[in-house]
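Structure first, commentary second.
The values are calculated or read from the model by the stated rules, or taken from the named source; none is laboratory data. The structure presented is a predicted model; accordingly, all values stated were derived computationally and were not measured. Note that we place each Cβ from the backbone using ideal geometry, even for glycine, and neighbour counts take in every protein chain shown.
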């Protein structure tokens, strides 16, 4: 047998898939190198086969899982397209939402003004009306109403500026008052006795009181009213608890409301609130205990003398709060459709 190993024979012995070895067939170490290489390769052939099998199995499993997951995602996505809460909505749904949003944008801001004398029941009515309006809005903030009141100045001004007479009514510590005696000019407001005043004369009255502000107090009340205008201009519906005892206070509010209607296109609903029975009115005043006696009778007629046009009038001693609220809601429905 020829001692030189034929290259073709060695190569034909290479297992399938093994890489060919390119060396000069004239080298004396050709046969030895090839023999060692294939011995070494043969040792790793089982491992190579195992890895090939493992990778094939893993890739098949991975691709199957991926395709199943993709199918699930695809079904979820297309179900969302058909859902009311889907990621994408049909053109019909978009048009409907656009129309609803447009209608809300066109909704006019509304001010409901409740004007009446002291102790006539304004706070009670405004509170009940606010609750009814909240239920009516049903979560739509463009139809929701906020409430403001003439008496809000008591919440925002320092209590030490209150008059000693008022602090005494509230069972407070008069020693904390800036004012050291009645009418010394240091209190934010005072209750002035006008029982003998010709303008306020009432032969059946034991005492008549009038609310009078200091210069600071007058400026604050004016600014407070102007602040309501800013709220309305920002498209916030308001229930306004008004006390128009003085002509200047009434004129300021009327100016605000007129500008709100003409410049902002708002809607104003005004309600005149009264209590026809003086006896009942004074009973309420005494029972509440936080107002000077005589203010209710004194302010009962004054608040309605300042040319504020009313949509409806109601007497709290002749009609229930619920009935008055329903009447106001009826007027609201009428003006909303105009």
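Yes/no matrix, rows are residues, columns are (1) out of contact with any strand residue (DSSP E or B) (no Cβ under 6 Å at 6 or more places or on another chain); (2) crowded, with 17+ Cβ neighbours inside 10 Å; (3) at pLDDT 60 or above:
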position	(1), (2), (3)
89	yes, yes, no
105	yes, no, no
117	yes, yes, yes
154	yes, no, yes
171	yes, no, yes
| Hey, residue 313 hits all of (1) buried (at least 16 other Cβ atoms within 10 Å of the Cβ); (2) at pLDDT 95 or above but one; which does it fall short on? | (1)
| Going by the conditions given, is residue 236 under 28 Å from the mean Cα position of the chain (by Cα) and modelled with pLDDT of 95 or more? | yes
| task | Give 111, 187 a once-over and let me know the one that is in a strand (DSSP E or B) and under 23 Å from residue 252 (Cβ atoms). | result | 111
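Please tell me if residue 161 is touching a residue at least 12 places away in the same chain (Cβ under 8 Å), surrounded by 12 or more Cβ atoms within 10 Å (Cβ to Cβ), under 25 Å from residue 222 (Cβ atoms) and over 16 Å from the mean Cα position of the chain (by Cα). So that I can check it myself, show each step before the final result.
On the way: touching a residue at least 12 places away in the same chain (Cβ under 8 Å): yes; surrounded by 12 or more Cβ atoms within 10 Å (Cβ to Cβ): yes; under 25 Å from residue 222 (Cβ atoms): yes; over 16 Å from the mean Cα position of the chain (by Cα): yes.
Criteria met by residue 161.
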| said: Filter segment 260-275 down to the residues that are part of a loop (DSSP other than H, G, I, E, B) and out of contact with any strand residue (DSSP E or B) (no Cβ under 8 Å at 6 or more places or on another chain) and list them by number. | reply: 265
| request: Answer yes or no as to whether residue 187 is in contact with a strand residue (DSSP E or B) (Cβ under 8 Å, 6 or more places away or on another chain), modelled with pLDDT of 95 or more and crowded, with 16+ Cβ neighbours inside 10 Å. | output: no
| query | Would a scan of segment 213-227 turn up a residue that is assigned to a loop (DSSP other than H, G, I, E, B) and in contact with a strand residue (DSSP E or B) (Cβ under 7 Å, 6 or more places away or on another chain)? | reply | yes
| field | Residue in segment 283-308 that is modelled with the lowest pLDDT, counting only those that are closer than 20 Å to residue 271 by Cα and part of a helix (DSSP H, G or I) | value | 301
